[in-house]
1. Please report, ordered by residue number, the helices (runs of 4 or more DSSP H) entirely within the stretch 168-220 with at least 3 residues that are within 21 Å of I13 (Cβ to Cβ).
2. Which of the residues spanning the stretch 144-167 are part of a helix (DSSP H, G or I) and under 13 Å from V193 (Cβ atoms)?
3. State the number of residues belonging to the stretch 121-148 that are more than 19 Å from T177 (Cβ to Cβ) and either more than 10 Å from the ligand (Cβ to nearest atom) or small (G, A, S) (or both).
4. Given the structure, is G37 under 22 Å from K75 (Cβ atoms), more than 15 Å from the chain's Cα centre (by Cα) and touching a residue at least 24 places away in the same chain (Cβ under 8 Å)?
5. Out of everything in the stretch 135-160 that is more than 28 Å from E103 (Cα to Cα) and among the aliphatic types (A, V, I, L, M), what residue ends up being surrounded by the most Cβ atoms within 10 Å (Cβ to Cβ)?
6. With the requirement that a residue be away from the ligand (no atom under 16 Å from the Cβ) and over 27 Å from T177 (Cα atoms), what does the stretch 21-41 give you?
7. For the list (1) touching a Ser or Thr at 6+ places or on another chain (Cβ under 8 Å); (2) hydroxyl-bearing (S, T, Y); (3) more than 12 Å from the ligand (Cβ to nearest atom); (4) under 24 Å from K195 (Cα atoms), I need the number of the one condition that S18 fails.
8. List pairs: first in the stretch 110-139 and without any contact (Cβ under 8 Å) to a residue 60 or more places away in the chain and more than 23 Å from V83 (Cα to Cα), second open to solvent by 60 Å² or more (accessible area, probe 1.4 Å) and within 13 Å of the ligand (Cβ to nearest atom), Cβ under 7 Å, 6+ apart or cross-chain?
Amino acid sequence: MKFFLDTADLAEIEEAASWGALAGVTTNPTLYSRIGGKLDDFHDHIKRICELVDGPVSAESVAMTRDEIIADGRKLASIADNVVVKIPTMVEGLAATKVLASEGIAVNMTLCFSVPQAILAARSGARYISPFVGRFDDISEDGLTQLENVVAAVNNYDFGHDIEIIAASIRSANHVTQAALMGADIATVPFAVLKKCVEHPLTDRGLEAFLKDWEKVQNA
Ligand code: E4P
């Protein structure tokens, strides 16, 4: 499984990239607003992210009609070769994806919550499909089972083009563990969760013991 960072924060992206496991970035309007992003600077900001990341960078269209999404998608795709246009799973989004995919523009179909939505996204030509986990947990439903169902269903078929499932709306290291066990191709994780993935209490305890014993060796 590959790790994408779910953020618009350049410092987080630079730090995660320095760890060597960063394969891509996903952004959304919420994440961009969280860093104080301004509309005028949106395309430049995506460009800066694309320069930092050696991999796909999802930039979301907030247009609501197919023609607007297509126009927006073409503009976003022209920012850099590694831009992926992120489009919500809805009728207008599917229609726009069909056109953009036929032009060779990679689409990440987002806000996906069910197997039928994922299959339709795949049929429309989406290169990436993002089933959300945490938003199910927010309403006391089982997001991990939904993700497992989407991974199994999409892998049942050959859609005639490469498709990668991105486990999205990831809120914990356990979500990451389960996504990997299910065979999700990618997990897009917030920086705080990525840090948690590095940590384990037994690693900390082991390190403490090594340092203590190394001190003894030095003083011997
Ligand atoms: C990524 O592509 C999604 O937009 C993101 O993972 C959503 O996460 P959230 O449910 O924590 O907002």
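1. Details: elements: 173-182, 191-198, 201-219.
Per the criteria, 173-182, 191-198.
2. In the first step, residues of the stretch 144-167 are kept if they are part of a helix (DSSP H, G or I); the result is 144-155.
Within the stretch 144-167, none qualify.
3. Of the residues in that region, 11 qualify.
4. On the way: under 22 Å from K75 (Cβ atoms): yes; more than 15 Å from the chain's Cα centre (by Cα): yes; touching a residue at least 24 places away in the same chain (Cβ under 8 Å): yes.
Here the answer is yes, as G37 does meet what is asked.
5. Within the stretch 135-160, the subset more than 28 Å from E103 (Cα to Cα) is 135-149, 152.
From what's left, among the aliphatic types (A, V, I, L, M): 139, 144, 147, 152.
On the way: I139: 7, L144: 19, L147: 28, A152: 12.
Per the criteria, the residue is L147.
6. Taking the stretch 21-41 as the starting set, the residues that turn out to be away from the ligand (no atom under 16 Å from the Cβ) are 21, 36, 38-41.
G36, K38, L39, D40, D41 - these are the residues of the stretch 21-41 that are away from the ligand (no atom under 16 Å from the Cβ) and over 27 Å from T177 (Cα atoms).
7. S18 satisfies all of (1) touching a Ser or Thr at 6+ places or on another chain (Cβ under 8 Å); (2) hydroxyl-bearing (S, T, Y); (3) more than 12 Å from the ligand (Cβ to nearest atom); (4) under 24 Å from K195 (Cα atoms) except (1).
8. Note: pairs meeting the criteria are G134/R171; D137/R171.
The values are calculated or read from the model by the stated rules, or taken from the named source; none is laboratory data. The structure presented is a predicted model; accordingly, all values stated were derived computationally and were not measured. Don't worry about glycine lacking a Cβ; one is built from the backbone with ideal geometry, like all the others, and counts go over all protein chains shown. For the accessible areas, the whole protein counts, side chains as well, though only heavy atoms, and no ligand, DNA or RNA atoms are used. Shrake-Rupley method; radii C 1.70, N 1.55, O 1.52, S 1.80 Å.
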